[in-house]
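A.B. asks: I'd like to ask some things about the structure below.
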Amino acid sequence: MAKVSVNLNGESVEADDGEMIIDVARRNGIDVPHLCWNVRFERIGACRICVVEVEGNPKLVASCSTPVKAGMVIKTHTPRILEARRTNLELLLANHDLSCTTCAKNLKCRLQEYAHDFMIQEVPFSGKRKREEVDYSSPSIVRDNNKCILCEQCVQVCNKIQTVYAIGLQNRGFKTRVAPPMRMDMNESACINCGQCVVACPTGALTEKSSIKEVIDALNSGKYLIAQTAPSIRATLGECFGLPPGVPVTGQMVSALRDLGFQKVFDTNFAADITIIEEGTEFIKRFKENRSLPMITTCCPAWIKFAEQFYYQELHHMSSCRSPQAILASLVKTYYAEKMGKDPKDIVLIDIMPCTAKKFEILRPEYKGEADYVLTTVELAKLIKQYSIDFLNLPESSFDSPMGESTGAADIFGQTGGVMEAALRSVADLMSGQDLQRVDYVNVRGMETMKEAEVDLGGNKIKTCIVHTLGEARKLMDQIRAGTSPYHFIEIMACYGGCVGGGGQPGPHRKEILEKRAGALRKEDSDKKIRKSHQNPDALRLYKEYLGEFGGEKAHKLLHTTYTNRCIIKKCK
Amino acid sequence: MKKLSEYVDTEKGAKELAGDRVTVGVATCGISAGAGETLKALQDANLGVLVDPVGCSGACYNEPIVTVKQGGVYSIYSHVTKDKAQKIVDAVKTGKICGELFTAHGLTEMDYYKKQQRIVMENCGLINPLSIEQYAACGGFKGLLEALLLEPKEVIDVMKDSRLRGRGGAGFSTGVKWSFVLGKTGKKYLICNADEGDPGAFMNRIMLESDPFKVLEGMMIAAYAIGADEAFIYMRLERPLSIRMMQKAISLLGEKHLLGENILGKEGYNLKIRVKKGAGAFVCGEETALMNSIMGQRGYPRPRPPFPAEKGLWDKPTIINNVDTMANVATIMKIGLDRYKKIGTEKSRGTKTVCLTGNVKRPGVIEVPFGISLKEIVYDIGGGTPDGTKFKAVQMGGPAGGCIPASLMDLPLDYEPLTAAGAIMGSGGVVVMTDRDCMVDVARYFMSFTQKESCGKCTPCREGTLRLLEILERLTDGSGKKEDIELARKLSIFIRDSSLCGLGQNAPNPILSTMKYFMDEYVQHAEQKTCAAGVCKNMLTYVITDKCVGCGNCARICPVAAISGKLKTKYAIDDEKCIKCGECMRNCAFKAIEKKSTP
């Protein structure tokens, strides 16, 4: 692209022709305030807080949606601009539920941050204010329109990135609101609980539904308490305590959970290895029989609900294997309970997950009586803080046996491409019957939302595809529906970047941050001695002692599941 | 290329127009005055001459209008409601003129038309709008045929040369706009914006209902020039007659093979025109919101650039012009550059259709050359304000426009002078106001309109217009403070500067311009709590004067029993109870009740 020179606050800077002013400014160290802008979304120019002056234009222009031109003279903070931004904030605050201290996003809210920066201590406007009932219906997400500033970020991520269309804009003018269609509440809507809207929301209008109170009650119930932590938590929890992205805190996390009062801390990674063994076995079987291909991974509960709603006729393409969370939950309440001679009812299992959709997953009837509560990464950090635990200075400790040991393959589950890479490592060995050297499948890595890789496994060419974000998944599913899918094996994750970008992870979810988190997981993997799931000694012992053969009858009963037709059209009231 | 006569029976049209004929104006305005029934009565009367429905000639104040042409003599009759239709029947049958209803022997005889120059509306009210033959006989399609003799680029050059400015409001050169898509290949779209939504603007409606073929001809020329083979005309659902007329006109063109492939035998000139009905959101008149609406999406404006000429409908290059512009295109190609160039001013050539409404004696739609003074429009054409009132200002350009005070009435009708004075040309609505109109209340009214019609996308417009309205409501209901005026002014400037689209950017204009010229009224409302015009209810009292004879009628009429007294003595109004509805004053036979501004 052609380079042009523009004048930014008196200095000459270089920019791509047609690049948006905000991008040029940010590259040059000017973080223009913004509420509706997101680098991954369409530039809608709605909030108008990012206005700047451009010489020759009598109006202020939105820097997010105004492209630069050669010789453009731009100013980003004249008194006129600051006054406009202040008035803009005053208008937003005049129509806002100003309950900051009791808001879930307190101290994490961009509106609050800007109001603070602009020292708005009094709002000169009074009059009408929106008053709506808060929607608590969803197991994952709380929607409070009284705090909504209509930046549309949630609508963009839900409709354009995820193509779920659970929420949209309604009414017009001052009555404009974001809500599910047809007067549905969030639980009735097509919401897949991915929580990406929560991540995108700059205010407290969309927040995750907290289970902290229930967990505190459980911690004091006298029951036997077990925690499991998903692969990505160790790479992100540190950020909640001020560490830079990409610093793993596995040891401290386990210690903190013990300090909170958990008798056992198991690793979901152990279950991830089992997932690979089962899924890999299933894939090899299907591949040999050339049946229901491509097979699609099913670790992601948001993706599963998406498929059940929009592609219910293609559900036979889904692997029947449970997600790692559900596998560990199943094993805790059967194998482990039996082993310890405990009544499963006396065990409380709490899942630490990166994901708001897991809160929905544990409520699925198939998983009834297994996991009890889900805490997201952010919630766990809050709980640790409530218990006044000095997290960063905790000694490191390791997961408990017998479900604490995992391979490098499980570590990478928390990022896009990880499940596929882990699966390929095992499938290659299991198909060839050898212990192959190759563990790195570089083609499946990286942040592109759709990646293809063709792998030669013992003379069999296996075409794989890895997507994250469901808009991309929709493309693959449409191919499958049309019978034109060229693939054998597909990995789908709902969230951008995979679980490191999950709806329950600390924000912001910028690409660079997600990459650092993924890098931490990748390093855990490469540091491990055993990097193939089917070589996990604890897992192999479990099969020998309890489950029988890979993909066998007992394994099927405990580790596999079924799916439901949730065709969205029936839901209309 | 083929001849028009191979498609349309022009002679039939010419014969109809040349012979004896009785016409009734049955556009929406005529119908609402009862013209539909008049037409039926005349058609049922076996007059022995052709009784033709025609569109509107623009003289709304005379509706229903019947024109009789007998033996080459025209007689225009006004206010011919159904009960008076028999008089026209008698007049036609006897060949005499009905003096009671007679207005003139032709439009040019009427004061209303003397300063008008009708080139775009030339057929309005004269031909049957759905008679393709009559349209052709009046020189219809001549412009199209002329255009097809030229290369598309040459047509664009003609438009550039004509200095035709888009009639939608901003006044951007039509030729320049078209030239943006000139080099672009592949699919292109043409849109005719017929989403006329300003309160007090209905010139497009009259055009669509009175001469739909002219608009379509303009679209056909535009499509040829820019190379679009698909065109939309975006209309609002609340104007069902316009939509029906347009749909009928399009299907008539199709039947005559004047739409479709290789039109008029011109190889490669293909065009399909479709009507898209919008639900009537004001913001859908904004071009990007309009395109979203056509595409089936929420009528939300999007940031520009990219402009529609780059990325329009379905991301394809798209040209949007309004109804008036399309009609002008056809007119220019028909009458030729030489004649067109002589009309109007140097910067703005041609004529402008203007809706003259408000407190004026002769409201209606007029077509005047650019450069005519506002005074001529209000007084010479409109006949001035009703007796007993004093002319105060005109509000121009609808809710996005502004007020121009009586002292500036020598301003010419043109884009730049009006903008400099704080108003805009807009679609061309002129609302006349007198000393009975409160300017703060006028600002409040327009703000309530834009506030209701704000799409809700950008913060300044969505939140800001409501706060402005609330401030104006406080000022007009007597609870306003002096500081409110400055707050409103600052907020107005913010909304004007920061909003996403034209709706928001222009929404504060009514406030800013009334503040500019009528600040004293704002101060009176805020400080003295008085409304000199006697409009703001909370600042009024109704008093009974000594003229009262004690008939007691007012006490019986008062809906809240606020009036009491003894028969044959002076009655009194309890101000606490009075809701200021004014019923007593309107019904007092002795004019003994007066409205006074609260001191």
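A.B. asks: Exactly one of (1) on the phi > 0 side of the Ramachandran plot; (2) free of Cβ contacts under 8 Å to residues at least 60 places away in the same chain; (3) surrounded by 15 or more Cβ atoms within 10 Å (Cβ to Cβ) is unmet by residue B:106. Its number?
C.D. replies: (3)
A.B. asks: Applying the selection to segment A:180-192, what residues are in contact with a helix residue (DSSP H, G or I) (Cβ under 9 Å, 6 or more places away or on another chain) and within 13 Å of chain B (Cβ to nearest Cβ)?
C.D. replies: none
A.B. asks: Quickly run through segment B:382-391 and pick out the residues that are in contact with a helix residue (DSSP H, G or I) (Cβ under 9 Å, 6 or more places away or on another chain) and either buried (at least 23 other Cβ atoms within 10 Å of the Cβ) or modelled with pLDDT under 90 (or both).
C.D. replies: B:382
A.B. asks: Which is of a type outside the set (Val, Ile, Thr), touching an Asp or Glu at 6+ places or on another chain (Cβ under 8 Å), surrounded by 14 or more Cβ atoms within 10 Å (Cβ to Cβ) and modelled with pLDDT of 90 or more, of B:501, B:588?
C.D. replies: Exactly one of B:501, B:588 is of a type outside the set (Val, Ile, Thr), touching an Asp or Glu at 6+ places or on another chain (Cβ under 8 Å), surrounded by 14 or more Cβ atoms within 10 Å (Cβ to Cβ) and modelled with pLDDT of 90 or more, namely B:501.
A.B. asks: Then there is this: Pull up segment A:299-338, narrow it to residues that are assigned to a helix (DSSP H, G or I) and polar (S, T, N, Q), then point me to the one that is surrounded by the fewest Cβ atoms within 10 Å (Cβ to Cβ).
C.D. replies: Top of the filtered list is A:313.
A.B. asks: Let me ask another. Just to verify a result, which residue in segment B:199-245, among those that are outside any strand (DSSP E or B) and of a type in the set (Phe, Trp, Tyr), is nearest to residue B:327 (Cα to Cα)?
C.D. replies: Here the residue is B:213.
A.B. asks: Tell me, yes or no, whether segment B:508-519 has at least one residue that is closer than 30 Å to residue A:57 by Cβ, aromatic (Phe, Trp, Tyr) and at pLDDT 90 or above.
C.D. replies: Taking every residue of segment B:508-519 in turn, at least one turns out to be closer than 30 Å to residue A:57 by Cβ, aromatic (Phe, Trp, Tyr) and at pLDDT 90 or above.
A.B. asks: Now for a different question. Scan (1) closer than 30 Å to residue B:474 by Cα; (2) crowded, with 23+ Cβ neighbours inside 10 Å; (3) away from chain B (no Cβ under 11 Å) for the single condition residue A:87 breaks and write down its number.
C.D. replies: Among (1) closer than 30 Å to residue B:474 by Cα; (2) crowded, with 23+ Cβ neighbours inside 10 Å; (3) away from chain B (no Cβ under 11 Å), the lone unmet condition for residue A:87 is (3).
A.B. asks: Let me ask another. Restricting attention to segment B:159-181, does a residue exist that is more than 24 Å from the chain's Cα centre (by Cα) and outside any helix (DSSP H, G or I)?
C.D. replies: Checking segment B:159-181: at least one residue is more than 24 Å from the chain's Cα centre (by Cα) and outside any helix (DSSP H, G or I).
A.B. asks: Pick out the one residue from B:495, B:511 that is within 26 Å of residue B:473 (Cα to Cα), within 14 Å of chain A (Cβ to nearest Cβ), β-branched (Val, Ile, Thr) and assigned to a helix (DSSP H, G or I).
C.D. replies: Selected residue: B:495, the only one of B:495, B:511 that is within 26 Å of residue B:473 (Cα to Cα), within 14 Å of chain A (Cβ to nearest Cβ), β-branched (Val, Ile, Thr) and assigned to a helix (DSSP H, G or I).
A.B. asks: Here is a follow-up. Of all the residues that make up segment B:293-318, how many are surrounded by 18 or more Cβ atoms within 10 Å (Cβ to Cβ), in a loop (DSSP other than H, G, I, E, B) and away from chain A (no Cβ under 14 Å)?
C.D. replies: Of the residues in segment B:293-318, 4 are surrounded by 18 or more Cβ atoms within 10 Å (Cβ to Cβ), in a loop (DSSP other than H, G, I, E, B) and away from chain A (no Cβ under 14 Å).
A.B. asks: I've got another one for you. Which numbered condition in (1) surrounded by fewer than 19 Cβ atoms within 10 Å (Cβ to Cβ); (2) part of a helix (DSSP H, G or I) is the only one that residue A:452 fails?
C.D. replies: Unmet for residue A:452, out of (1) surrounded by fewer than 19 Cβ atoms within 10 Å (Cβ to Cβ); (2) part of a helix (DSSP H, G or I): (2).
A.B. asks: Could you list, in sequence order, all residues of segment A:257-276 that are in a helix (DSSP H, G or I) and crowded, with 24+ Cβ neighbours inside 10 Å?
C.D. replies: The answer is A:257, A:268, A:269, A:270, A:271, A:272, A:273, A:274, A:275, A:276.
A.B. asks: Are any residues in segment A:44-68 at the interface with chain B (Cβ under 7 Å from one of its Cβ atoms), in contact with a strand residue (DSSP E or B) (Cβ under 7 Å, 6 or more places away or on another chain) and not small (Gly, Ala, Ser), and if so, which ones?
C.D. replies: Result: A:48, A:51, A:60, A:67.
A.B. asks: Hey, among the residues in segment A:195-252 that are assigned to a helix (DSSP H, G or I) and of a type in the set (D, E, K, R), which one's farthest from residue A:34 (Cα to Cα)?
C.D. replies: Checking each candidate, the answer is A:217.
A.B. asks: Further question on the same structure: Can you confirm whether segment A:409-417 contains a residue that is over 30 Å from residue A:472 (Cβ atoms) and in the same structural domain as residue A:536 (by TED's automatic domain parsing)?
C.D. replies: No, the conditions are met nowhere in segment A:409-417.
A.B. asks: List pairs: first residue in segment B:539-565 and within 23 Å of residue B:529 (Cβ to Cβ), second residue aromatic (Phe, Trp, Tyr) and part of a loop (DSSP other than H, G, I, E, B) anywhere in the structure, Cβ distance under 7 angstrom, at least six positions apart or on different chains.
C.D. replies: B:544/B:571
A.B. asks: Could you please let me know if residue B:485 is surrounded by 19 or more Cβ atoms within 10 Å (Cβ to Cβ), over 30 Å from the mean Cα position of the chain (by Cα), within 14 Å of chain A (Cβ to nearest Cβ) and closer than 29 Å to residue A:78 by Cα?
C.D. replies: In short, yes.
A.B. asks: Here's a follow-up. If I ask for residues that are closer than 26 Å to residue B:151 by Cα, part of a loop (DSSP other than H, G, I, E, B) and among the hydroxyl-bearing types (Ser, Thr, Tyr), which ones from segment B:319-354 would you list?
C.D. replies: B:348
A.B. asks: Looking at segment A:402-435 only, could you name the residues that are farther than 16 Å from residue A:277 by Cβ and either assigned to a loop (DSSP other than H, G, I, E, B) or aromatic (Phe, Trp, Tyr) (or both)?
C.D. replies: Correct list: A:404, A:415, A:416, A:417, A:434.
A.B. asks: Taking segment B:429-478 on its own, how many of its residues are more than 10 Å from chain A (Cβ to nearest Cβ), out of contact with any helix residue (DSSP H, G or I) (no Cβ under 6 Å at 6 or more places or on another chain) and either of a type in the set (Gly, Ala, Ser) or farther than 24 Å from residue B:391 by Cα (or both)?
C.D. replies: Qualifying residue count, segment B:429-478: 0.
The values are calculated or read from the model by the stated rules, or taken from the named source; none is laboratory data. None of the values given here were measured: they were computed from a predicted structure. Virtual Cβ from ideal backbone geometry, glycine too; neighbours counted across all protein chains shown.
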